[in-house]
1. When you go through Y294, Y343 one by one, which is the residue that is assigned by TED's automatic domain parsing to the domain that holds V211 and over 30 Å from V182 (Cβ atoms)?
2. Out of V323, V330, V341, which single residue is hydrophobic (A, V, I, L, M, F, W, C), farther than 26 Å from E77 by Cβ and modelled with pLDDT under 90?
3. Within region 37-53, track down each residue that is touching a helix residue (DSSP H, G or I) at 6+ places or on another chain (Cβ under 9 Å) and modelled with pLDDT of 95 or more.
4. Quick check, is E233 under 21 Å from E306 (Cβ atoms) and not basic (K, R)?
5. Consider T213 against the criteria (1) crowded, with 18+ Cβ neighbours inside 10 Å; (2) under 27 Å from I333 (Cβ atoms); (3) hydroxyl-bearing (S, T, Y): it satisfies all of them except one. Which criterion is unmet?
6. So which residues in region 213-255 are over 21 Å from G190 (Cβ atoms) and not in a helix (DSSP H, G or I), if there are any at all?
7. For a quick check of your reading of the model, give me the residue pairs whose first member lies in region 115-143 and is in the same structural domain as I275 (by TED's automatic domain parsing), whose second is modelled with pLDDT under 95 and in a strand (DSSP E or B), with beta-carbon atoms closer than 8 Å and at least 6 apart or on different chains.
Amino acid sequence: MADDDPIVCSRCFTDTGLRFDAERIGIDVPGACPNCGAEGFKKLPQAGLGALAHRYFVWGSMWRTRYGAAPLVEFNEHQKTSIELQPWLEQDVRLIERLLKVGFFHYGPRLWMLGEIEPLKALQRSRTRQSIVDRILGEYPERSFSSDESFYRVRVNPSAPGAPSHYDSPPPEHSGRGRLDVKGQPILYGSPDLEICIHECRVTAEDDVFVATLSPTKTLRLLDLSVLLKEGEGVTEFESLDITVHMLFLAGRHSYRLTRTIAEAARIAGFDGLIYPSYFSLLRLGKMPFQTVYGISQRCIEQLHEHEQAKTIPNLALFGRPVATGSVAVKCIDRLVISRVAYEFHFGPTGA
């Protein structure tokens, strides 16, 4: 049997989630399924079945912590199944076991995946925070943002949608609510990715939405926190500043006091703003967070740096009121019509 020969089809599964996902990632191959004999259903070769098992049981059992995340279930050819199975999964798991010769078990992640990283822990302690902030400003690159580049800023239900001033930083009464701004220090948020802008504004079908295209009028100095920081040999995940910053910007509101401290330090250091990873990068791209190879972060594997960098969508944060001061110009303003919304999803086990 060739590696790409089908061994199973979507109809072979009884669980709705597994059947849906098998239909999505399967391929159209004529003839009967070699496992159940049915025709007309998407079929999967051995590699496709392995991808389905990973998608459902590993990614589908992902457990998020305050910083980081790890799957609760893994599988390999060295262990027998030891997880408790819901009745509706029993038959499907036995099928996957038989065809892939694997077992499913509870995963004990390396603790860096759950935020046990020395720079991240130091950043959370007030007495050691500044040393890590200084490292971030010193080790992350400066990026020039020039007048031939542009980005977007979305406004929802603005009172004067055609006024360029309404696409500057929020007014004082709204400052101090974002990931990077504090009261008295406004920030203009935007992104070169328009879909990220729309999602971050939590647009609904009832909203009147407008988008401004903006460009600098002079070259701006930005601290780029969106890059994958290439660290020296011997730096493990437990010591990684790169993974620290990566986890920081994938965390929720509890991380804002830390990201605001970094932003304020960059402003004091003379930067015009930051480039930082969008919280919604992985959701926008449909990527699994914190992927590993034998427990090693893919961000630490040089051959996968380009692959990992592609998972980050950059946002912009410009200090002050750059439209009012003239350092950023509004090139045009358009109404944005949301004509269709589609959801991509997959499934996971309930009892992980």
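1. Of Y294, Y343, the one residue that is assigned by TED's automatic domain parsing to the domain that holds V211 and over 30 Å from V182 (Cβ atoms) is Y294.
2. One residue alone meets the criteria, V341.
3. Residues satisfying the conditions are F41, K42, K43, L44, Q46, G48, L49, G50, A51, L52, A53.
4. yes
5. Unmet condition: (1).
6. The answer is L228, L229, K230, E231, G232, E233, G234, V235, T236, S240, A251, G252.
7. none
Condition check ((1) in contact (Cβ under 8 Å) with a residue 12 or more places away in the chain; (2) touching a Lys or Arg at 6+ places or on another chain (Cβ under 6 Å); (3) not in a strand (DSSP E or B)) across all residues:
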{"site": "Y279", "(1), (2), (3)": "yes, no, yes"}
{"site": "L282", "(1), (2), (3)": "yes, no, yes"}
{"site": "P289", "(1), (2), (3)": "yes, no, yes"}
{"site": "K311", "(1), (2), (3)": "yes, yes, yes"}
{"site": "L318", "(1), (2), (3)": "yes, no, no"}
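The values are calculated or read from the model by the stated rules, or taken from the named source; none is laboratory data. As the structure is a computational prediction, the values presented were derived from the model and not from experiment. Don't worry about glycine lacking a Cβ; one is built from the backbone with ideal geometry, like all the others, and counts go over all protein chains shown.
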